[in-house]
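Chemist: Provided herewith is a single structure, encoded as structure tokens, for subsequent inquiry.
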Amino acid sequence: MIVNTGAKRSVVGHAFSGAFIGFILSSAYGYSKYKNGEIDKNIAIKNTIKATIEGGIVTASAIAATNAIGDINKTPLQSTIEAVSYVGVGIAGAYGVDKILNKDIKLIKE
């Protein structure tokens, strides 16, 4: 254990929370830009979907890393390697979502 981070947290539960917060914030932001005529409806929807998924991924990886840092059954080196791995997975996941939704083959037409 590197730091006492308290009780172990639910990664899945926090993934849903992160996705929900991402949805709320990005939909409000996208709606505002859409109402001001800065973007069209499809771009606002695509950006909301992207931020929702990325919010869930990033939050889940952050909670998993926090759980790893506070794991009393592992050495500090093991905890650090595990935490860095979770952060890397979160970065890769967010990057992958960005690339998938911005491909030439559009999932949602702009």
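The values are calculated or read from the model by the stated rules, or taken from the named source; none is laboratory data. Quick caveat, the model's predicted, so the values are computed rather than measured. As a convention, Cβ positions derive from the backbone with ideal geometry for all residues, glycine included, and neighbour counts pool all protein chains shown. The accessibility values were calculated without ligands, DNA or RNA, using every heavy atom of the protein model including side chains. Shrake-Rupley method; radii C 1.70, N 1.55, O 1.52, S 1.80 Å.
Chemist: Would you say Thr80 is hydroxyl-bearing (Ser, Thr, Tyr) and crowded, with 19+ Cβ neighbours inside 10 Å?
Modeler: Taking the combined requirement at face value, the residue does not satisfy it.
Chemist: Another question, if that's okay. Can you go through Ala28, Ala15, Ala51 and tell me which one is buried (at least 19 other Cβ atoms within 10 Å of the Cβ), more than 27 Å from Ile81 (Cβ to Cβ) and of a type outside the set (Ser, Thr, Tyr)?
Modeler: Criteria check complete, one pass: Ala51.
Chemist: Going by what's in this entry, would Ile69 be described as within 30 Å of Arg9 (Cα to Cα), in contact with a Ser or Thr (Cβ under 8 Å, 6 or more places away or on another chain) and of a type outside the set (D, E, K, R)?
Modeler: yes
Chemist: Residues in segment 54-74 that are open to solvent by 60 Å² or more (accessible area, probe 1.4 Å) and under 9 Å from the mean Cα position of the chain (by Cα): how many?
Modeler: 1
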